[in-house]
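Notes for the one structure printed next.
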Amino acid sequence: MNDYDMIIVGGGMGGLALGALLGQAGKKILLIEKNKRVGGKGLTFERKGFKYEMWPIGYMPLKDNAFHALFEKLGIESELKPAWDYESDEPLVGFYYKGRSGRYDFIDSRPKDVADPSPLFDLWKLDENERESALGFLAQLVLMAPEQVDELDDVSMKEFMARFELPRPLIEYMDMHSNISLLALSDTASASEQVKILQEMATKGAAGYFKGGYERVGRVLADYILNHGGEILTDQRIESIDVQDGQVTGVTTKDKPYSSPIVISNAGIQPTVLKLVGEEHFAREYVDQIKNLEPGMTLLTTRYFLSEAVLDRPLYLTYSGETVWDSERYQKVRAGGVPDEVGLWIVVPSNYDSDMAPEGKQIVIASTLCAPDPQAKEVEVLWDKIDEMVGKLFPDLLPALEFKERGGPSQVSKLARDQVLPNQGGEAIGLGQIVGQCGRHKPASKSPIQGLFYVGTDAGGYGVGTVQAVDSAFNCFAMIE
Ligand SMILES: Cc1cc2nc3c(=O)[nH]c(=O)nc-3n(C[C@H](O)[C@H](O)[C@H](O)COP(=O)(O)OP(=O)(O)OC[C@H]3O[C@@H](n4cnc5c(N)ncnc54)[C@H](O)[C@@H]3O)c2cc1C
């Protein structure tokens, strides 16, 4: 006699999406979340009338992504409330790029412009020959068949680009894309993963946000679970996932055990295997494999709360050949080196949805790439560099500052992902989208233990962050069924 058909450990986007799908299928589920509210890394906070996530989150692709598929399957499409329309003629993304001109030049783009690279070619100041080779390369990427993309699972984006003669600014753009979309260093980012994401961007746009913030989406899913007979406990940490004779039997919180033949963990593969279940329940080979999985990078963030609206666009990308990072460059920062400049990924939630800030005010969330290590020492230097770059590129911003907050890998880990290994815990997406761990090599949703599954950005799914978490819920649901 079990208490529940299934128990879900954690209420991030992956756990909530799966819970809703299982609720729709009539399963009796219990979801247990250690934080006071569900939403995981997508939690939305409120301070002095400003509403915001702790870091910049922009979903990709803009239309027809896993969130749309999920809400449609659940029959609650009208609850999703995207803040930006693919057809919109309003500029969505502002690019600042420092290339051949030696200063930061600017263009902005509407969602549909992603299909036409010529404004970027102008920004990069490409000559005719360079335009031709860049166009040929981009066309080849977009037209690549799925089987050809799969063949790139074992190839880094850097290696892939080296097969062509490409203009420097195009390589720098792709490196920036590895850093920002995959949260990977440019020499480790998997070409298959990056090409798939670029293909989707070209046809479906990028940089979406939900009205009211991400947590509202999570709450809609939580309500769906509750309305379909499920239970949700918050502010309760699961201390262990219990296993007997190779079969899951349930979970235990500090107060009591709950029994179930199926447990699905949204807590991350490494914390699940190494801490919640315990190494002793797995074959040594599997434990080694899990320990060797590499976390992705994270974003170090500063949130600027402004007394007036200073920035026009909802999202900005600022970069140069000097600010895109590969392993060698990042190691220098980790060893105490101070970069001259850093690239920025900036989201302005109140330019997506005016309700995210008090009238006339603005919230700006600026970030740069950082190691996932919750003890990373380089954070102080990088936070200062974020301020410096923001001051340089947007001179009106700091004079309008009411107050600011800083966040980084230790906050990510505290909020959503236990540190169980050195240099891990603060990863933004989850396991790195790097060569050897993506596509056909990505860990599956099913664990070797009978009845134990994983959901969320570590397992099965593909894409950028939140969309990947929801995609993984679909895969996990199919497997459990
Ligand atoms: C800095 C940063 C920038 C990002 N930028 C983007 C972006 O631009 N676009 C994008 O799409 N995504 C972005 N993401 C990634 C995105 O937020 C995540 O990939 C996604 O939200 C993860 O969802 P998840 O379901 O896999 O897990 P999580 O959100 O990590 O949820 C896991 C949940 O499990 C709970 N939990 C863990 N252990 C236990 C336990 N023992 N007991 C009970 N509960 C437990 C946690 O509290 C948490 O709520 C970003 C993330 C960060 C940190």
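Since every read-out is calculated from the coordinates, none of them should be taken as a lab result. Since the model is a prediction, treat every value here as computed from it, not as a measurement. Using ideal geometry, Cβ is built from the backbone for each residue, glycine included, and neighbour counts are taken over all protein chains shown.
Below, the figures for the structure above:
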quantity: Point-to-point label distance, residue 159-residue 380, nm (Cα→Cβ direction, 7 Å offset); calculated: 3.9
quantity: Segment residue 140-residue 355, extension gain: residue separation times 0.36 nm, minus the distance between their alpha carbons; calculated: 73.2 nm
quantity: Gain upon complete extension [residue 450, residue 240; 0.36 nm per residue less C-alpha separation]; calculated: 74.0 nm
quantity: Cα convex hull volume per residue for the range 1-160 (Å³); calculated: 223
quantity: The range 93-204 - convex hull of the alpha-carbon atoms, volume per residue in Å³; calculated: 97
quantity: Rounded FRET efficiency, nearest 0.05, which uses the C-beta distance separating residue 79 from residue 112 and R0 of 25 Å; calculated: 0.45
quantity: For the range 93-204: relative contact order, % (alpha-carbon pairs under 8 angstrom, 6 or more apart); calculated: 28
quantity: Per DSSP, loop trypsin sites (Lys or Arg not before Pro) in the range 367-475 with at most 15 further Cβ within 10 Å; calculated: 377
quantity: Relative contact order (percent, whole number), the chain, Cα cutoff 8 Å, 6+ residue spacing; calculated: 24
quantity: Residue-wise HN-Hα coupling along the range 114-126, computed from phi with Karplus coefficients 6.51, -1.76, 1.60 (Hz; x: Gly, Pro); calculated: 4, 6, 10, x, 4, x, 5, 4, 5, 4, 7, 6, 7
quantity: Candidate lysines for bridging to residue 256, where Cα separation is under 27 Å - those fewer than 8 sequence places away on the same chain excluded; calculated: 27, 28, 34, 36, 41, 275, 414, 446
quantity: Interatomic Cα distance distribution for the range 369-481, bins of 5 angstrom, percent; calculated: 2, 10, 15, 16, 16, 13, 10, 7, 5, 3, 1, 0
quantity: Kyte-Doolittle at least 0.5, axis length at least 18 Å by Cα - qualifying DSSP helices, the chain; calculated: 465-480
quantity: Distance (nanometres) between label positions extended 7 Å along Cα→Cβ at residue 72 and residue 286; calculated: 3.6
quantity: Theoretical gain in end-to-end length, residue 421 to residue 327 [0.36 nm per residue, Cα-Cα removed]; calculated: 31.9 nm
quantity: The range 138-173 residues near the modelled residue 105 label - backbone nitrogen below 15 Å, point 7 Å along Cα→Cβ; calculated: 167-173
quantity: Cα-based equivalent ellipsoid, the chain: semi-axes from gyration tensor eigenvalues, Å; calculated: 36, 25, 22
quantity: Summed side-chain charge close to residue 279 - residues other than residue 279 whose Cβ falls under 13 Å, Lys, Arg +1, Asp, Glu -1; calculated: 0
quantity: Estimated translational D of the range 310-403 in µm²/s (Stokes, Kirkwood radius over Cα pairs; 25 °C; 0.890 mPa s); calculated: 169
